Amino acid sequence: MRLEDYWGVGPKTATLLREELGEAEAVAAIEAVDSRPLVQAGVSRGRATRILRRAEDNDGIDILATRDARQVYRDVIDLAEAYAVTARAADRIRVLTPLTTRSAIDNRLDETMAAVDTWAALTEETREEVLAAFAAYDQQTGEAAAVETALALRELDLTNGVFAPLVELDRDVLMDAAHALRALETDGSGIADDADETLARLRTDLGTVEDLAADTERLLETLEAEARDASMFRDALIRHITGETTLDSALIRDAMPGETTDASMFVTETLRTLAADLREQIAERAATVRADLEATVERVEEDVTAAVSAVDDIALQVSLARFALAFDLRRPTLVEGQTVLAVQDARNLDLLAAEEAVQPITYAVGSHEGNIAAPATDRVAVLTGANSGGKTTLLETLCQVALLAHMGLPVPAEAASVSLTNALVLHQRHASFNAGVLETTLQSVVPPLTDGGRTLMLVDEFEAITEPGRAADLLHGLVTLTVEREALGVFVTHLAEDLEPLPPSARVDGIFAEGLTDDLDLNVDYQPRFTSLGQSTPEFIVSRLVAQANDASERLGFETLARAVGQEDDQRTLTDTQWTEASAPPSDG
């Protein structure tokens, strides 16, 4: 393929890659899903990632039908990437996308869960040794690094599960391959010093001769002290060079000039000729060694390819296993023949990553089975309830579960049933209120419903983008369209009562606040109650403001609001000690 044949590679990007890498190397990087050469050539990391995602899967990313759905995808990828054991594994995680077929999803789930089981079974010491092997791999480049990593992993006696491909690799062949590849991975046409003992010895001797030639004055002083007359000078030079090198005296004697009139010239000419002879020997030996090494590399080419593939695949699977275990992710059940999104004890990844306390949530829309009290005939839910009650977090959690399931990865729930969808629509509340935002929003959320595919609608406070009177009408229409198109949907709103009557297959669920804690925090049961209208709870918020008032007039003002929302003194979850004598107004007495 030509560079321009890849999605996202326009004329400017193609020209840049040809100039910096060359066509063949750039294409090889894209096919190998390796962003590093592209980034080093000057392509931005974001663009390189998008190019590689499309090269890896042309259709899966299109499931993410809205900007908010794509943001959840990016957040999930960022979380997973943090557990990558190599830079190459991180590259491959960044280009994971939703998959478009049941078989592809099942295959990736099988691989990932097998890796989870393997990694979980290792001792902590063995895990550290595996991570150390991958860290060493990451500090090097080339095929030799992969072969050496494969050898290091084999030495740990890892032969089952995700490490099973190592068993097929011949240890002796890998050692020959590592030696040959490492020997050839030098600048220019050179050969590594440890590739051949004879070559290393010749190079060392040449270095010694060149050092002697660089300081002939000192050498002359030494020779003149040893030689009592001119007849002994030649033998003294031979003894000195053979004492400093492994060279044969005959080679040194042959390098000496036949006639000289000056001791300094004699030494200089001898060393110059000797160095030239050594360079010629080194070149001949290097050519022989290189030919042998290249023959070895050619002989073990298939074994090297298998080792590189095995190491990269193991690194990816170990990375995904670490991600899954860090968040206690479980395998979802993929459902065919009916539409459903059902989760038991689901947890929000962002809250888990922030190490915040998380109340697991059980929720469902569609034809679910299992221990969930939600009606199995309702494909659409209107979710109501308290401010700060976790409604938005629940939408994000459902989006994360659906997204990860479509990516062929385990999900943050004890159990989950997910039917495949063609479009994942997530619309979150944004701080805008104008006709342009309304139009843009409708253009992003309606077409996925009308395109005829299976759609999952997750819409948060749709009323925030238009005036309340018409928002209820539009939201009712959107709920009705979702039902008519036999899609799944969860709509968060404070206008549930204005949506009555709901169409068939739609229901209202509620999240309830139960008062204030002793610390004046809102006490919310985040678990939705099915077919129950939740209530916003301004009375509890006002109660908190009454208790926290800084002076008497401020307190009286908030008490007026408390009466307006029907909050009686005996209903407050506040203790009398919240209002102390020190903060009370002075008495007339």
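Scanning segment 241-249 for residues that are touching a Ser or Thr at 6+ places or on another chain (Cβ under 6 Å), of a type in the set (S, T, N, Q) and either closer than 30 Å to A145 by Cα or free of Cβ contacts under 8 Å to residues at least 24 places away in the same chain (or both) turns up at least one hit. Just one residue in the set T112, T100, T49 is among the polar types (S, T, N, Q), under 30 Å from P410 (Cβ atoms) and not in a helix (DSSP H, G or I); that residue is T100. Confirm whether R272 is closer than 30 Å to L409 by Cα, among the basic types (K, R) and assigned to a helix (DSSP H, G or I). Criteria not met by R272.
V85 satisfies every condition listed in (1) modelled with pLDDT of 90 or more; (2) assigned to a helix (DSSP H, G or I); (3) under 30 Å from L181 (Cα atoms) except (2). Restricting segment 366-391 to residues that are under 22 Å from L481 (Cβ atoms) and hydroxyl-bearing (S, T, Y) leaves a set whose member that is surrounded by the fewest Cβ atoms within 10 Å (Cβ to Cβ) is T377. For segment 253-280, filtered to residues that are surrounded by 16 or more Cβ atoms within 10 Å (Cβ to Cβ) and touching a residue at least 40 places away in the same chain (Cβ under 8 Å), the residue that is nearest to the chain's Cα centre (by Cα) is L278.
Restricting to segment 1-34, name every residue that is small (G, A, S) and either at pLDDT below 80 or over 19 Å from G142 (Cα atoms) (or both). The answer is G8, G10, A14, A32. Filter segment 222-252 down to residues that are of a type outside the set (A, V, I, L, M) and loosely packed, with under 10 Cβ neighbours inside 10 Å and give me whichever is modelled with the highest pLDDT. Filtering segment 222-252 for residues that are of a type outside the set (A, V, I, L, M) and loosely packed, with under 10 Cβ neighbours inside 10 Å, the one modelled with the highest pLDDT comes out as G243.
Checked against the criterion of being under 25 Å from Q400 (Cα atoms), touching a Ser or Thr at 6+ places or on another chain (Cβ under 8 Å) and buried (at least 16 other Cβ atoms within 10 Å of the Cβ), the candidates A55, A48, A69, A114 yield just one match: A48.
Tallying residues that are free of Cβ contacts under 8 Å to residues at least 40 places away in the same chain and either of a type in the set (G, A, S) or crowded, with 22+ Cβ neighbours inside 10 Å (or both) within segment 289-308 yields 2. Residue check: I61 meets all listed conditions (1) without any contact (Cβ under 8 Å) to a residue 40 or more places away in the chain; (2) closer than 30 Å to G452 by Cα; (3) touching a Gly at 6+ places or on another chain (Cβ under 8 Å) but one, namely (3).
In contact (Cβ under 8 Å) with a residue 60 or more places away in the chain, more than 20 Å from the chain's Cα centre (by Cα) and either part of a helix (DSSP H, G or I) or over 20 Å from A136 (Cα atoms) (or both) - does that describe any residue in segment 310-331? The answer is no, given that none of the residues of segment 310-331 is in contact (Cβ under 8 Å) with a residue 60 or more places away in the chain, more than 20 Å from the chain's Cα centre (by Cα) and either part of a helix (DSSP H, G or I) or over 20 Å from A136 (Cα atoms) (or both).
When L212, L166, L122, L199 are checked against the criterion of being farther than 30 Å from A29 by Cβ, under 31 Å from the mean Cα position of the chain (by Cα) and either in the same structural domain as T246 (by TED's automatic domain parsing) or surrounded by fewer than 16 Cβ atoms within 10 Å (Cβ to Cβ) (or both), L122 stands alone in meeting it. Out of V318, V311, which single residue is buried (at least 21 other Cβ atoms within 10 Å of the Cβ), at pLDDT 95 or above and farther than 25 Å from P360 by Cα? Just one listed residue meets the conditions, V318. Of all the criteria given as (1) free of Cβ contacts under 8 Å to residues at least 12 places away in the same chain; (2) under 15 Å from the mean Cα position of the chain (by Cα), the one not satisfied by S103 is (2).
The values are calculated or read from the model by the stated rules, or taken from the named source; none is laboratory data. As the structure is a prediction and not an experimental result, all values here were calculated from the model. FYI the Cβ positions are ideal-geometry reconstructions off the backbone, even for glycines, and counts take in every protein chain you see.
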